[in-house]
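As C-alpha cells, the structure follows; a few thoughts come after it.
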Amino acid sequence: MEAGVRTLLVWCPDWPVVAAEIVAGVVASEPVAVFAGNRVLACSEAARREGVRRGLRRREAQGRCPQLVVVEHDPGRDARAFEPVVAAVEEVVAGVEVLRPGVCAAAVRGPARYFGGEEAAAERVVEQVALACAVESQIGIADGVFAAGIAARTGRVVEAGESRAFLSSVPIDALDEPQLTDLLKRLGVVTLGDFAALPPGDVLTRFGFEGSLAHRLASGGDVRPLAVRRPPPDLAVEETYDETLDRVDVAAFAGRVLAERLHERLAAHGLACTRLGIEAVTADGQELVRVWRHDGMLTSAAIAERVRWQLDGWLTGARRGRTAQPTAGLVRLRLVPDGVLAHVGLQPGLWGEAGDGRERAHRAFSRVQGLLGPGSVLTPVLGGGRSPDDQVRLVPWGDEREPERPAAEQTEPIPGIDTVALLADGSERESERRADAGFTMIEVGRRRRRGRAARPASLPPWPGRLPRPSPAVVLAHPLPAAVYDETGAPVGVSARLEVTGGPATLRIDRRQPMAIVGWAGPWPVDERWWASDEARRRARFQVLLEDGRALLLSLAGGHWMVEAIYD
C-alpha cells in the first residue's frame, strides 16, 4: 500500500483545558476538567493524578476528585485560543492545516531541508510555539497524518516507510471508532497490526466503506491529502518618518510614494483592491483610521488621490477646529488594501467596446475629482423611500453605488386592490385602459386573482410609496400652492382620508389659477409617529393640468405644496 506524505503534526496536550486557562483564566495546574455532554472531554495533569479520566460522568469524576474545577466545553473558545498557535507554527512551516483545535499538521519536507533534518525542524517548531504563545506542544513525524498523530503522543519521529510497523502494536482503540472497535475486539482483533493484516477486499465486504477507511489508516496510509492553509500575502505598505508631516503638500508627496509601492505590490500578485484603508499615527501616539470605498479598479493615481484627500482632511481639519483632528504631526503612514480580487476580473472587454469607454470616463471624472475634490462629481443611487426626494442619494464618483435603504421593486400601489383613474368631471375609468393618463386612485374592494400566488419579494417594500410613474424633476424647495374645488372652496382631507371636494383649480405661488383635468389620491404618509419631534403626516396627490403638465402635490397641516413635476 502506498505510504502517506511525510507529515509533521503539532499536538498541544489537553488543549480544551489550556484554552480555558488562556481565555477564562482557569488555573491549569489545579485539578480541572472540561465537560461536554456531562462527560469528561479533557482534564489537567493534576486531575489525572486524582483518577479523573476522559469519558467519566460528572458525578463520578467529582467523586474521585472533590476539588475538581468544572468547565463547560466551548468549541469557539478552543478555536480562538488556537489561532495564535497556528500563526506561530506558520512562522516556521509554510502551509499548515488545522485538524481540530489543539492539532495542526504540515508537510515536513520543506522545513526539514531548510533546518537540516526532521528532528531539527521539530525542535524549531516546539521552540517557536513556546516562545510566541507560552504553550507546551509535542511533535510527531511519520508517513501520513494518522501515524504522525499517534507518534506525537510520545514525541517520536518515525522513519520513512516504517509507519505500518510503528502502528502494528498500537491498540485498536486509536481509530476512535467505538462501534467498529468494539466489534473488532469481539472478533479477536485488538491491535492496528491485526486489523491491517486482513485482506482489504474482505474488510470492505464485511465492514463497509467506513471500515475500509479505518483499515487504510491502520496500514499506515491516509484517507485524503493534506489541505494546507496558505497564509495570505502581507500587502500593506507603511513608512515611518523622522520629521513630522505637518504640511499637506509634504504629506501628499509621502502618500503618493506609498501609493505607488502599494500598486506595485498588488500588481506583482495579479491583484487589485476596491477598498483602501488609510492609517496614520501622530507624534504623540494618536491613531487615525479611514476606509475609502471604490466602485472599480483603484489605480496608482486613484490611490494617491484618496490618500491626499484624506491627509488634507486630517491636517486642515485641525486648523478649522473640527472634533476629529490630529493632536500632532504625522510620523507614520500605512496603506491597507481591502476587498482584494483578481485583477483579470476588472479588465476591459476583448475589443475595448464597453470596458474601454468606462475606463476613459473613469479617468476623466477622477481627474476632475483630483482638481476640485471628491465631492465635485456625484452620481445618483436609487433606493428605498416613501417620497421622491428620499429615494435618490448622491454619492461621490468611485464610491460603491449601493442603496443606503434597499427596497423591492413596486409594480402597483397595493397588491390585490383594483385601481381606477379619476377625472375632473368625476367619471372613472379602469386604470389598465387609461394608461395615457398615468394616474391611479385606490378603489375600495379587492380583486381575486386567478392562478398562483405571487412569490414574496426578497426585500420588503416601503409602505406609502408612490405608485408609478416616478416624477422626472424633484424640486429642491417645494412651491406653496392652493387647491380649490368647483365651488371655489379650499380642498382638504379628513382624518379618514376623505377628500372634502374634487380638486378643480390650482394656484401656485399667487399666480393665475389653472384648471385640473385629472387627479389621483390621496396617498397618505405617516412617518415616525412614535417620535413627536420627528413625526410627519401628509397626503399626496397627483394632478394633471389643462396645459398637459403633471404635478405631485402634498397637503400637510392645511398647507399645499408642489413637490415634483412629471415628464
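Here the strands (runs of 3 or more DSSP E) wholly within region 517-567 that include at least 1 residues being open to solvent by 90 Å² or more (accessible area, probe 1.4 Å) and modelled with pLDDT of 80 or more are 536-545, 559-566. Filtered by the rule that a residue be touching a Pro at 6+ places or on another chain (Cβ under 8 Å) and of a type outside the set (Phe, Trp, Tyr), region 507-533 gives Arg507, Ile508, Asp509, Ile516. Need pairs with beta-carbon distance below 8 Å; first residue among the basic types (Lys, Arg) and within region 460-484, second open to solvent by 70 Å² or more (accessible area, probe 1.4 Å) and at pLDDT below 75; sequence gap 6+ or separate chains. Hits for this filter: Arg468/Thr411. Do the conditions hold for Ala267, that is, is it part of a helix (DSSP H, G or I) and over 13 Å from Leu311 (Cα atoms)? Yes, satisfied.
From the set of residues in region 219-250 that are part of a loop (DSSP other than H, G, I, E, B) and at pLDDT 85 or above, which is surrounded by the most Cβ atoms within 10 Å (Cβ to Cβ)?
Top of the filtered list is Ser219.
From the set of residues in region 88-111 that are in contact (Cβ under 8 Å) with a residue 60 or more places away in the chain and part of a helix (DSSP H, G or I), which is surrounded by the fewest Cβ atoms within 10 Å (Cβ to Cβ)? Only one residue fits best here, namely Arg109.
Which one of these is under 19 Å from Pro467 (Cβ atoms) and among the basic types (Lys, Arg): Arg538, Arg528? Walk me through it before giving the result.
Numbers: Arg528 fails: under 19 Å from Pro467 (Cβ atoms).
Answer to the check: Arg538.
Return yes when Arg216 is charged (D, E, K, R), surrounded by 12 or more Cβ atoms within 10 Å (Cβ to Cβ) and within 30 Å of Leu175 (Cβ to Cβ) and no when it is not. Yes: the conditions hold for Arg216.
Taking first residues from region 129-149 that are over 18 Å from Val18 (Cβ atoms) and partners that are among the acidic types (Asp, Glu) and surrounded by fewer than 24 Cβ atoms within 10 Å (Cβ to Cβ), the Cβ contacts under 6 Å between residues at least 6 apart in sequence or on separate chains come to Ile141/Glu118; Gly144/Asp222; Val145/Asp222. Entry remark, region 375-389: residues being modelled with pLDDT of 75 or more and either crowded, with 18+ Cβ neighbours inside 10 Å or not in a strand (DSSP E or B) (or both) number 2 in total.
When region 13-66 is limited to residues that are among the acidic types (Asp, Glu) and without any contact (Cβ under 8 Å) to a residue 24 or more places away in the chain, the one that is surrounded by the most Cβ atoms within 10 Å (Cβ to Cβ) turns out to be Glu21.
Annotation: of all residues in region 169-196 being part of a loop (DSSP other than H, G, I, E, B) and within 25 Å of Val10 (Cβ to Cβ), the one that is most open to solvent (accessible area, probe 1.4 Å) is Asp176.
Taking region 486-516, which residues are over 53 Å from the mean Cα position of the chain (by Cα), in a strand (DSSP E or B) and in contact (Cβ under 8 Å) with a residue 60 or more places away in the chain?
Scanning region 486-516 gives a single hit, Ala515.
Looking only at region 475-488, filter to residues that are of a type in the set (Gly, Ala, Ser) and open to solvent by 40 Å² or more (accessible area, probe 1.4 Å); which one of those is modelled with the lowest pLDDT? Step through it out loud before you land on a result.
We begin by selecting, within region 475-488, every residue of a type in the set (Gly, Ala, Ser); these are 476, 481-482, 488.
Next cut, open to solvent by 40 Å² or more (accessible area, probe 1.4 Å) only: 476, 488.
Numbers: Ala476: 77, Gly488: 87.
Filtering first and then ranking leaves Ala476.
Thr240 passes every criterion in (1) among the polar types (S, T, N, Q); (2) touching a helix residue (DSSP H, G or I) at 6+ places or on another chain (Cβ under 7 Å); (3) more than 25 Å from Cys104 (Cα to Cα) apart from (2).
Scan region 489-503 residue by residue and report those that are among the aliphatic types (A, V, I, L, M) and open to solvent by less than 80 Å² (accessible area, probe 1.4 Å). Spell out the reasoning first.
Initial filter on region 489-503 (among the aliphatic types (A, V, I, L, M)): 489, 491, 493, 495, 497, 499.
Ala489, Val491, Val493, Leu497, Val499 - these are the residues of region 489-503 that are among the aliphatic types (A, V, I, L, M) and open to solvent by less than 80 Å² (accessible area, probe 1.4 Å).
Against the conditions (1) in contact with a strand residue (DSSP E or B) (Cβ under 8 Å, 6 or more places away or on another chain); (2) open to solvent by 70 Å² or more (accessible area, probe 1.4 Å); (3) under 18 Å from Ile303 (Cβ atoms), Ala259 satisfies every one except (2). Scanning region 499-515 for residues that are more than 15 Å from Ser554 (Cα to Cα) and out of contact with any Asp or Glu (no Cβ under 9 Å at 6 or more places or on another chain) yields a total of 4. Based on this model, can you work out whether Glu83 counts as charged (D, E, K, R) and more than 27 Å from the chain's Cα centre (by Cα)? Judged against the criteria, Glu83 is not a match.
Within region 489-510, the only residue that satisfies the criterion of being at pLDDT below 85 and closer than 13 Å to Leu551 by Cβ is Asp509. Out of curiosity, is Val70 open to solvent by 40 Å² or more (accessible area, probe 1.4 Å) and in a strand (DSSP E or B)? So Val70 passes the test. Within region 504-516, the residues that satisfy the criterion of being over 13 Å from Val562 (Cβ atoms) and open to solvent by less than 80 Å² (accessible area, probe 1.4 Å) are Ala504, Thr505, Pro513, Ala515.
Could you check how many residues of region 275-290 are in contact with a His (Cβ under 8 Å, 6 or more places away or on another chain) and either within 18 Å of Leu245 (Cα to Cα) or buried (at least 19 other Cβ atoms within 10 Å of the Cβ) (or both)? Full working, then the answer.
Within region 275-290, the first condition is being in contact with a His (Cβ under 8 Å, 6 or more places away or on another chain), and the residues that meet it are 275-276.
Applying the additional criterion that residues be either within 18 Å of Leu245 (Cα to Cα) or buried (at least 19 other Cβ atoms within 10 Å of the Cβ) (or both) yields 276.
Total satisfying the criteria: 1.
The values are calculated or read from the model by the stated rules, or taken from the named source; none is laboratory data. Treat the numbers as computed from the prediction; the structure is a model and nothing was measured. Using ideal geometry, Cβ is built from the backbone for each residue, glycine included, and neighbour counts are taken over all protein chains shown. The accessibility values were calculated without ligands, DNA or RNA, using every heavy atom of the protein model including side chains. Shrake-Rupley method; radii C 1.70, N 1.55, O 1.52, S 1.80 Å.
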